[in-house]
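Structure, as structure tokens:
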Amino acid sequence: MEKESLWNKCLVYFKERIPEQAYQTWFDGIAISTLTSEEIVLQVPNQFHYEWLESKYRHLIDAAIKDVFDKPLIVNYSVVVSHKKPNEIPSLVQKENVIPPGYQEKTQLNSRYLFDNFIEGKGNQLAKAASYSVAERPGQTPFNPLLIYSITGLGKTHLLQAIGNFCIRRYPSMRVQYLTSEKFMLDFIKAIQENKSTEFAGAYRGVDMLLLDDVQFFQKKEQTQEQFFHLFNELYQQGKQIVLTTDRPPNELTGLKDRLISRFQSGLMVDIQPPDLETRIAILSKKAHDDHLEIPFEIIEYIASHIKRNVRELEGTMVRLLARSSLYRKDITMELAREVLEEILGREAFIGVTIDHVIKSTSKEWKVSERQLVGKGRKMEIAMARQIAMYLSRELTGASLFNIGLHLGGRDHSTVIHACKTVEKKMSNDNELKKRILRLKNELQPVGGISTY
Ligand code: ADP
Ligand code: MG
């Protein structure tokens, strides 16, 4: 059978198993470029698309291949380098660029995490510098163990993997092992079940560098901690480098044995703080560049100034923007970016002011209780304050007329429109009232407009 029709069978397999929208976004345009008895090469529009398939759909792709070809195949990807949309590229100008799968089974290292693509900023400078020194001179700095901690999504795993990737390149004979704490525990449990705990203990003792991610996972797992404690001591005594990450400072790791915590504290502890605006912009720009994506700077700046908590969210926002753009075949514009941001942050949070805020301040200013304001009472002062609240909500919150009506007395949208007109008219006739409303409006409005947290 031709490779295309075999691949079409795979596509049907995907289509039957994932939501239509996901299928359209991630599989619809994917063509097969090479098929041998061992390997299949898929054509993807950019690096980002490939990473997404690898991280989210790899199991599904493997399952489809097994189903259609009756055996597993090595999956590779080729990126079509072009600035046009994938479905418009004539096959003659395609330039292929095969990406080896980034993930190495034995060391558990993924070659996409490098020092080179880790953007440095105030919040992570120290962590990066420390990581770099232990990578250069493993086991020979005072930073043993090195412990990196931060809330989620700030680059701990990235740095840990970067250390490993650096070392296997510079010191090819070095045995580097990356491992999540969860895997450590699961392997340990399995070993106990199979009566192989001695082998388990032996397996990790032979490594030259142990990179253990998310140690908070050991909380309350006493047996696992015990195992790890011995492993730690043994490696440490042999001068092997140990690098750990946790999601909080070690002294806040409740449910972890004191002696383990004091081991963690015996080397260097560094934290990572959320990136500032410039760093966020740099991270997004670099990501866009590495993925061969052309995203206007103003859009990158726009996303970076709204998504502040962590880098994963920042990347997630861009993923969504790209998915949206490819799904609807729309260009990446400010408008599209705004839509996506509103979805992520919630329309009201995004605009900054909520109907609730408006209700609170209007109630205070016009000395009408909040209950009266959101109720149905028609007494003149109440009805008037309610109209003002409707007006301010429309001006400030970006909420729909329907929602405004719903929150303020359960009215329909035409009542809200009427209220806004009435207030505007009154404002143009009554200077005092106008001043009062505008003052409230200014108080409610966040400085500089949209940013909220
Ligand atoms: P953590 O382990 O702290 O939860 P990760 O290392 O998984 O966070 O980082 C989340 C995502 O953000 C990853 O895709 C990572 O590559 C990216 N990232 C985090 N910090 C940076 C940075 N400073 N420069 C570039 N990418 C970063
Ligand atoms: Mg992590």
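Values as computed for the structure displayed
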quantity: Gain upon complete extension [R371, Q223; 0.36 nm per residue less C-alpha separation]; calculated: 47.7 nm
quantity: Under 22 Å from K364, Cα to Cα: lysines that are on another chain or at least 8 residues apart; calculated: K376, K379, K426, K434, K435, K441
quantity: Net charge of neighbours whose Cβ lies under 13 Å from the Cβ of S369, counting Lys and Arg as +1 and Asp and Glu as -1; calculated: +3
quantity: Chain lengthening between V12 and E120 when straightened (0.36 nm per residue, less Cα-Cα); calculated: 34.5 nm
quantity: Crossing angle, helix 380-396 versus the chain [Cα axis fit, 0-90 degrees, rounded to tens]; calculated: 40 degrees
quantity: Ordering of 373-383, 34-44, 177-187 by packing [mean C-beta count within 10 Å, highest first]; calculated: 177-187, 34-44, 373-383
quantity: Straight-distance crosslink candidates among aspartates and glutamates, where the alpha carbon sits under 14 Å from K360 and sequence neighbours closer than 8 are dropped; calculated: E370, E443
quantity: Exposure ranking of R394, R329 by accessible area [1.4 Å probe, largest first]; calculated: R329, R394
quantity: For the stretch 284-318 versus the stretch 371-393, the gap between their alpha-carbon centres in whole angstrom; calculated: 42 Å
quantity: Calculated Rg and Dmax of the stretch 2-79 using C-alpha coordinates, Å; calculated: 11.3, 32
quantity: Area accessible to solvent at L73, 1.4 Å probe radius, in Å²; calculated: 10 Å²
quantity: 0 to 90° range, to nearest 10: angle between helix 413-429 axis and the chain longest Cα axis; calculated: 60 degrees
quantity: Charge context of A127, other residues only, Cβ under 13 angstrom, K/R +1, D/E -1; calculated: +1
quantity: Rounded tilt (10° steps) of 125-136 against the dominant C-alpha axis of the chain; calculated: 10 degrees
quantity: Label point distance in nm, N431-A129, each placed 7 Å from Cα along Cα→Cβ; calculated: 6.1 nm
quantity: Probe 1.4 Å - accessible area at R320, Å² to nearest ten; calculated: 100 Å²
quantity: Spacing of the two label points (7 Å from each Cα toward its C-beta) at K183 and E343, in nm; calculated: 3.2 nm
quantity: Where only C-alpha atoms are counted, convex hull volume of the stretch 101-271 per residue in Å³; calculated: 111 Å³
quantity: Mean residue ellipticity (222 nm) of the chain, computed from DSSP H runs ≥ 4 via -39,500 (n - 2.57), nearest 500; calculated: -17000 deg cm²/dmol
quantity: Per residue Cα convex hull volume in Å³ - calculated over the chain; calculated: 211 Å³
quantity: In range of the label at Q140: residues from the stretch 232-265 whose backbone nitrogen is under 20 Å from the point 7 Å along Cα→Cβ; calculated: 235-243
quantity: Anchor K3: lysines whose Cα lies under 22 Å away (excluding residues fewer than 8 positions away in-chain); calculated: K15, K66, K71, K95
quantity: Positive minus negative residues near A385 (Lys, Arg vs Asp, Glu; Cβ under 11 Å); calculated: +1
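The values are calculated or read from the model by the stated rules, or taken from the named source; none is laboratory data. Just so it is clear, the model here is predicted, and its values are computed rather than measured. Positions of Cβ are backbone-derived with ideal geometry, glycine not excepted, and every protein chain shown enters the neighbour counts. Calculation scope for accessible area: heavy atoms of the full protein, side chains included, ligands and nucleic acids excluded. Shrake-Rupley method; radii C 1.70, N 1.55, O 1.52, S 1.80 Å.
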